[in-house]
Amino acid sequence: MDNSIIVAIITGVVSVSLAIIAYLKDVKLRGLKDELETKKKEAKEAERKSTEQNMKLGALHRLLDFTSFNEIRTSVDRIFLKTKADRFMILFAMNGTHDFRVISVIFEQHKNPEWTVNAIIRYRDVEIDQRFKNILHETESIGEIDYDVSEMHPQLLKNFWVIEGVKHAKVRFLHRHHIDKENDVVIYSTIATHSDEPFDSLENTIIKTEYEGSIQHTIKTYI
């Protein structure tokens, strides 16, 4: 065989081999980069969850402070005594670069034991749908929104209330607490009744004065 042909073949084989090696090296590097990016994202998500959890524990600890707990509980007892409301909850969400993603109930109070739902356990880090997010945004803007559960569009919050037997409810914005340049804790409350009748004008006034004169003041003081 002519030497030039042999050289050409060898050169071709070497070129192909080098191209394969370069390709495999590039694939490996891309894989390593992808793996590194994945690990970075996982680490960032773990850090975010840790921050969120620490904030929740901190808020819960402050709410369960003897003074704040009793102030809120006493105010809610007055609402239960003077209105048809029979369930009260405080919940919050982390709002920042991730917007609202999950909500957690950190305080609950019930007038009748039969309606107890153990919400602090049941509604812990619950991922919410877009309608629920819209409700939270709208409530912060308006302050308070009343709901007839039977007339609500299909959504997660309605499902919760249907499961619990709630007929009428209010969602109220309580406080936004700045954490850092990326995150705020946004605190809300719901007050509900299992009665078929909605809250009347007098009851709405009683609830309003308890929220504004006591509950919100306590939240802003202790959170």
*Among Met152, Met89, which comes first, then next, by fewest other beta-carbon atoms within 10 Å?*
Met152, Met89
_Above-threshold pairs, the threshold being 25 Å between Cα atoms, out of Lys111/Lys133; Lys181/Lys220; Lys133/Lys167; Lys133/Lys170_ = Lys111/Lys133
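How many percent of all Cα-Cα pairs in the range 52-222 sit more than 27 Å apart? Mind showing how you got there, number by number?
Values: 2773 of 14535 pairs.
Above the 27 Å cut-off, the range 52-222 has 19 percent of its Cα pairs.
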*Those GluC sites (Glu not before Pro) in the range 151-217 that DSSP places in a loop and that have at most 16 other beta carbons within 10 Å*: Glu182
*What residue among Asn183, Thr209, Thr193 has its Cα farthest toward the positive end of the dipole of the range 180-223, where the charges are +1 on Lys, Arg and -1 on Asp, Glu, each on the Cβ?*
Asn183
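Quick note: the coordinates plus some simple rules give every number you see, no bench work behind them. The shown structure was predicted, so the numbers you read here are calculated from the model rather than taken from an experiment. We place every Cβ from the backbone using ideal geometry, glycine too, and count neighbours over all the protein chains shown.
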